[in-house]
Amino acid sequence: MMTASVSLIHDHGYYMVVDTPSATDLPAKEQMLRGFNAANLFPGQVQMVLTTHGHPDHTGQANFFPNSRHFFASYEYTGNNYIKTELYTVGICFCVIFMS
């Protein structure tokens, strides 16, 4: 059994998710989706997903946010490309992960 922490941030009209549950942790996925439902929010309304690091219990459900910009700390994943973000240019590097 894995434990995941998923944070939803709403600021100035933007929704951001920090980390997602493991792809194999179905109870955590269902809990995340119930949380969205309780907030009257659909995953497609989230504009940004930030993955703090590449462990599987932080990355596995990022596919639920197809309309989001996905940030992996110092990189942004857009389409099939990794783009260096402002965090990279100021020398703050946390992690790089790869999504299939």
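The values are calculated or read from the model by the stated rules, or taken from the named source; none is laboratory data. What you see is a predicted model; the values in this text were computed from it and never measured. When we count neighbours, we look across all protein chains shown, and the Cβ atoms used for this are built from the backbone with ideal geometry, even at glycine.
The set of residues in region 1-53 that are part of a loop (DSSP other than H, G, I, E, B), without any contact (Cβ under 8 Å) to a residue 40 or more places away in the chain and loosely packed, with under 11 Cβ neighbours inside 10 Å comprises MET1, HIS12, GLY13, ASN40.
Can you find a residue that is modelled with pLDDT under 80, part of a strand (DSSP E or B) and either over 25 Å from HIS12 (Cα atoms) or not basic (Lys, Arg) (or both) anywhere in region 82-100? Yes, there is a match, as at least one residue in region 82-100 is modelled with pLDDT under 80, part of a strand (DSSP E or B) and either over 25 Å from HIS12 (Cα atoms) or not basic (Lys, Arg) (or both). Of the set (1) assigned to a helix (DSSP H, G or I); (2) modelled with pLDDT under 70, all apply to ASP57 but (2). Of the set (1) on the phi > 0 side of the Ramachandran plot; (2) at pLDDT below 75, all apply to HIS12 but (2).
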